[in-house]
Structure formats: structure tokens, C-alpha cells
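The values are calculated or read from the model by the stated rules, or taken from the named source; none is laboratory data. Every value quoted in this text rests on a predicted model; they were computed, and no experiment measured them. Neighbour counts are summed over all protein chains in view; Cβ atoms, including those assigned to glycine, are modelled from backbone coordinates with ideal geometry. These accessible areas exclude ligands, DNA and RNA; they are computed on the full protein's heavy atoms, side chains included. Shrake-Rupley method; radii C 1.70, N 1.55, O 1.52, S 1.80 Å.
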Amino acid sequence: MFFLDHAWLVPLIPAVSFAIILFFGKRFPKGGSEIGIVALGASWVLSVGALFQWIHRVNQASDASGALGTVKAFASSLKLAATSSGEHLAPVQPIVHSLTWFQSGGIKFDVGIQIDGLAVMMMFVVTTISLLVHIYSTEYMRGDRRYTYFFACLSLFTASMLVLVVANNTLQLLAGWELVGLCSFMLIGHWWEEKPNSDAALKAFLTTRTGDIGLLTGVIMTYFIVGRATGTPSFNILALNNAALSGKVSHLLLLMCAIALMCAIIGKSGQFPLHTWLPDAMAGPTPVSALIHAATMVVAGVYLGARLYPVFFEGFSIGHGGVNMMSAIGGVTIIIGAGLAFVQDDIKKVLAYSTISQLGYMVMGLGVGAWIAAIFHLFTHAFFKADLFLGAGSVSHSGSHHSFDMKKDMGGLRTKMPQTFATFVIGSIALAGIFPLAGFWSKDEILVTAGKSGYTFFMVVGLIGAFMTAAYMTRCVYLTFFGEYRGGHADDHGHAVAADAHDTHATHDVHAHEPHESPLAITGPLWVLSFFAVTAGFLNAEAFHIEKFKEWFEPRVAFPDLLHPAFSWGAAGISVAIALLGVYAGYAFYWRNQGLVNFTEKSAAARAGKTFLVNKYYLDVLYTDVIVRSIKGPIADASYWINQHVIDAVLNGVGRGSLAVARFTYDILDQRGVDGIVNGIAVGTGDAGGAARSVETGRLQWYALMMFSGVALFSVFLWIAH
């Protein structure tokens, strides 16, 4: 079990890579990018090794399950392992290694790893996506002003996410969580000289910090929850999950903890109403966008929900059906994200709102008890969303002269960029959830579980989202690859002149004027991701009796009983039909112009609706102009008044006092005191010298007379005294 026992090397290697690139990267022939690629390659090999060893461990447990009937029954009685069918699987203990980090006031703070199915799956996803992004970036970021710094940050970003993934305690998870936020701030603001970029980085950082308050609160509460159940408070995740399921902790406490942790998910995973930072984060380089949306930043929130799922399951009473905070937030986010994707002209922002919507599916899936489906959707979504983002970057790099505006600078690129076109279409079909690509299997499982678990309303919400997803992606594909090429905004050197162009790094001045296919460093990762976008769904294709994803990755210890409804061809048919209807609607409206032509010009209600969407539900206005300004204004006024009337008064008083003291010191102490004493001593010394000078005649007889007189007077004095 070398790879499982040494999984701590997986985050350590890119962390070391970060330090080497940062301090010595510029001395390497490739500016440090080769260090990052080798490091991620090594982490990927270790992750794959851990993945296979975990599968072997699970298979061994399954093979021995026949001899473990007693153990299984015992585990079942403790809610440690169960399936919906009542056929209990053998528990598979995670690999846990830890050591004491430090001790304070009798409390031990550990650092360590907890490797189970969820962790090995995430390690594979993170290292695979990050490795492909590193390779892609060698061409995409070539000639960038901060090429070495970029790769250093990429390595640290990956290491931070992996620290979070392997953490065996909530404090270490918190450390990884914050490092991920810091790295996203650094990478979103990569070109910080441009104010929109630095503003976007700050917005992402501050918005997610709002949610992090919930995480801090939740981590503190989890510490005491473990203590309430076991008598020994701890940050250990396994102990926490067991405590949440033990029945020894009050439901109110679990509910409050679940709400606090849910706030963290809302901030980190771009859920309504804190989703506003995610589209603005597109200001960063496109490879960063792919990494953020597929394998790191936004995925961290969903991972938190999956890792501490017993807390949410018991706190929100998920097993009882109905409505809870998790399912409601996820459901709302599906619709509001998809709605905003329709009115974007920037291809990256279409994909960003699509990510928000898909994250809504994952959070809603957790909220309706579809744990395996939600995590399966995280798994498949990582590949096709990275494929789409890197595809958008390829179009910008070689087809639209660094512009991301679909209406102004794209169109007709399918023949000029056939590989980018093919891979982008594959990713779009997978995202739309059309059979048999990856998105179909994971999304369908969420919808079926919602319908069978008493969350019928959210199943309908998911179907509406599926229709909208297919429609806006059809629009996106049409505007980018079909119709007439609308580029030609490049100057004589092939540079875009679009004012809002992203990724306008100082390079690519040798590009041909005409759109062309991207080089292998870009198309290679696209094909790899497309391969996964096609095949990843077959890991849990219940229609063909394949449930390997569930078998390998669903926890079997410290985990609640979950419903796993059987695959339904009827439900799947409805889901696919709705997605195809969405494709047709997009085709008819945008492609063939057969829809409600000029509808927004003719209808005031439609026009108002579009304006509402274009202004992003006015949430930015609410946050910036109402909440922030209403807080910032009075605070600024109060600060100014305090500055003018308190701080300045104190400083002026201190100044006047110091002046008076200085004058007293000079006039009284120095001039009259010190100088007076010194001058008096000088005068006295002078007078004494004058008196002494009167007896210093130089005549020997005078000195003898003075000596004789003195002795005589002294003798008389002694005689009288005696």
C-alpha cells in the first residue's frame, strides 16, 4: 500500500515545485514551466497509484464480504455501511496517518491524511486537470510578462487544493481552503496593472471571505460536537462524522453547524446569492479559469459538503424529503445561473454562468440525498468544463485575436479550427446531458434520486435547468463556430482592438492574420479532456449494470444510509428529450431565427426581463451601491470626523504641549538653570583663580613667611582646643 500510505507526497511535490520555480525558475530554459510539469506528472503518477491501490482494497473487502456477515450486521446496526437495497457492503476503512502538529492548553492539533474513495477520486481529478492545464499553458502563456510567476502560482494552487483533499481534520482542511482562496486571488489578478483585473481579484477574495466566516464558525462548532458525542473534543473528520450519526448530539446543534458550513459552500462554490464573483473571475488567464472551474476553487465547496456529509444529512434532515437549505440553494442556483448565461456575449462568461448552474446541480444533489450522483457530476463536470474553457482559450489564442466576444470576433470557425470545434462540441453535448456522454449519466442520476427521495419539486427544477443548459450552449456553439466569421478587428500585428478583450498578454505577435488551428500543446489537452467527456460517465452507467463509481468511491464507514434508486429508461428518456428540446429551441431561435423575432423590441415585459438579466438581477447593484456604499459611506464620514476632530486635536495638542515644554526647557532649564550653573561655576573658578593669583608672587621669602604663619596659627588652634 505504498501509494496510499504515502499520499502526503501528492500535495508536497507541487508545494516544493512552487518554491523552486519562484526562486530559481527564471534560470531554467523553459522559465520554470518544466519544473511544474514534472512535479504535476509525479503527483499524477502517485495519484493514479493510490487510485488503483484503493480499488484493490475495495475489491479485497468485497471478496471477503461473504465471511464478514457478522461484521456487516454490526456495521449496519451502527449505520456504518448500507445500500438502499438492504444488501450491505463490507466496510472499507480509510487510510489515516497523523502526527501532532502542536499542543496548546491540553489541546492537540494534528496534521495528517485521510485517504478513502472520495480522496483518491479528487486527487486523480485535481492532478489530471492541473497537469493538462500546465501543458496547455506553456503555449498559451508563452511570452507573458510573468511567465515564471504564473507557473509558480499554478503549482501552489494545485498543492493547496490537494492539502484540502487529503486532510484528516477540519483545521488542516481550513488551511488548504484559505490557501486555495489566496492562490485564486493571485491568479485572477495576474495582470494586476489593469484595474478590472485587480478589482475582480479583490471581489473574489472578499466575497468568498464572507462565506469563510461560516466555515470558521462551523469548524469551531464541529470541535465541540465531537466532544459532545465522545467526551473528547477533536477536529478529526472521521470522529466528527461518527459523532453526527451517533444520535448523541442535539439536532439543533447539528442544524446550526450545517447552516454555518453551508455559508462556506455558498461563498466558495458560487451559489446564490454569493455567486457574483465567479463571472468576474474570468479576468484571469484562461488556463486559470479552467483550473478554478474544474478542479480547485469552486469544487472545494462541494467537496466540503461531501466530506462532512453526515453533518448536513442529520442537520438538514435530508433523509426525510421535502425542502432544506442545501437543496433550495442548489435549486435556485441552477436556474439563476442558467438564465444569466443566455445574455452573455463573452464566451468565458457563458461558461462561468454554466459552472454556477452545474454547481447548483451538485449542491442540490447533496441536498436531496444523491451523494454519489453529486460527486459523480463533480467528476464528469471537471473534464467537460475544463475542455470547454480550454477550448474557449484556443479560440481566443488562434481564432479571434485574444477576444472572447462571440458576436464581434467569432463565427465560422468550425472549418478554420476543426480540432477545437470538435472538442468544444463534445464538451457541449456532455454538458447538455445528452446520451451517452458523461454529463447525461451524472445529471440523470441526480434527477432520478431527487424524484425518488421525496424531492419531486427539485427534480422538476433540474429538468428546467437541463432545457436551459442545452439551449444556451447551442447559442454558444452557433455564435462561435457557425455563420460568417465576424473577426477582422485585429491590427496589422494580429492584435485585437476590442476594449474588453481578456488575456491580452504581450505575445503572439507572430500570429497569422487569419484564424487557424492551435498548436499541439493546446489541442492535445483538449482531446484528452474530450476523451474523458465521452467515457467518464460509463463508470456509473446503471443502464448497463455498471456501478463502479459507487462501488469504489462511496464511503462505507461513518456515512449515512442513502437511497440508490434503480436506473429508469423512462426517466432518462424524458431527461434526454428535454435536453434535445433545448437544443432545438436554441437552434430555432438563434440559428434559424425562427423564434420570436425582435421579441424584446415588441414586448415591454420581455424587454424588462432581458434588462433584468443583463443587469444580473441587480445583485451587484445591491451589494455595491446599496449594502457596501451604505456601510462604507457612514464609516468613511465617521472616520473623517474622527480624523478631523479627534486625531488631529490630539496631535495638535501634543504639538502645542511639546512646544511649551521645549520653550520651558530652553528658557528656564537650559538658559537659566544649566547655563546659570555653568556660568556661575566659571565665574567662581575665575574669582578663585584671581585670589590665588594674588598669593602666587614667585618670591621664596613670601612663601616661607606664609608657611611659618600657617604653622603658628595651627599650633595656637591646637593649644586652645586642648
(message) Among (1) among the β-branched types (V, I, T); (2) within 24 Å of V111 (Cβ to Cβ); (3) part of a loop (DSSP other than H, G, I, E, B), there is one condition I225 misses while meeting the rest; what is its number?
(response) (3)
(message) Among (1) open to solvent by less than 10 Å² (accessible area, probe 1.4 Å); (2) more than 15 Å from the chain's Cα centre (by Cα), there is one condition G270 misses while meeting the rest; what is its number?
(response) (2)
(request) Residue by residue through the range 20-44, note down the ones that are part of a helix (DSSP H, G or I), in contact (Cβ under 8 Å) with a residue 40 or more places away in the chain and surrounded by 14 or more Cβ atoms within 10 Å (Cβ to Cβ). (result) I21, L22, G25, S33, I35, G36, I37, A39, L40, G41, S43, W44
(request) Go through the range 309-368 residue by residue and tally those that are in a helix (DSSP H, G or I) and of a type in the set (S, T, N, Q). (result) 6
(message) Scan the range 109-128 and tell me whether some residue there is open to solvent by less than 20 Å² (accessible area, probe 1.4 Å), of a type in the set (S, T, Y) and on the phi < 0 side of the Ramachandran plot.
(response) yes
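Every residue, every condition in (1) open to solvent by 40 Å² or more (accessible area, probe 1.4 Å); (2) aliphatic (A, V, I, L, M); (3) touching a residue at least 24 places away in the same chain (Cβ under 8 Å); (4) more than 30 Å from E551 (Cβ to Cβ), yes or no:
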position	(1), (2), (3), (4)
Y587	yes, no, yes, yes
Y590	yes, no, yes, yes
T600	no, no, no, yes
A604	yes, yes, no, yes
D620	no, no, yes, yes
(request) Filter the range 375-408 down to residues that are open to solvent by 10 Å² or more (accessible area, probe 1.4 Å) and of a type in the set (D, E, K, R) and give me whichever is nearest to E514 (Cα to Cα). (result) K408
(request) For the range 273-289, name all the residues that are more than 12 Å from the chain's Cα centre (by Cα), in a helix (DSSP H, G or I) and not hydrophobic (A, V, I, L, M, F, W, C). (result) P279, D280, T286, P287
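Residues checked against (1) of a type in the set (D, E); (2) at pLDDT below 95; (3) surrounded by 17 or more Cβ atoms within 10 Å (Cβ to Cβ):
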position	(1), (2), (3)
V10	no, no, yes
V16	no, no, no
L46	no, no, yes
F52	no, no, no
A67	no, yes, no
(request) Would you mention how many residues in the range 317-374 are farther than 16 Å from P279 by Cβ and either free of Cβ contacts under 8 Å to residues at least 12 places away in the same chain or of a type in the set (S, T, Y) (or both)? (result) 3
(request) Six or more apart or on different chains, Cβ under 6 Å: which pairs go from a residue in the range 462-484 that's under 15 Å from G337 (Cα atoms) to one that's among the hydrophobic types (A, V, I, L, M, F, W, C) and open to solvent by 20 Å² or more (accessible area, probe 1.4 Å)? Could you list them? (result) L463/I578; A466/I578; F467/I578; A470/V583; A471/A585; Y472/F342
(message) Can you report the number of residues in the range 145-173 which are open to solvent by 10 Å² or more (accessible area, probe 1.4 Å) and either among the hydrophobic types (A, V, I, L, M, F, W, C) or within 26 Å of H402 (Cα to Cα) (or both)?
(response) 8
(request) Provide a single number: the residues in the range 548-569 that are open to solvent by 60 Å² or more (accessible area, probe 1.4 Å) and touching a residue at least 12 places away in the same chain (Cβ under 8 Å). (result) 4
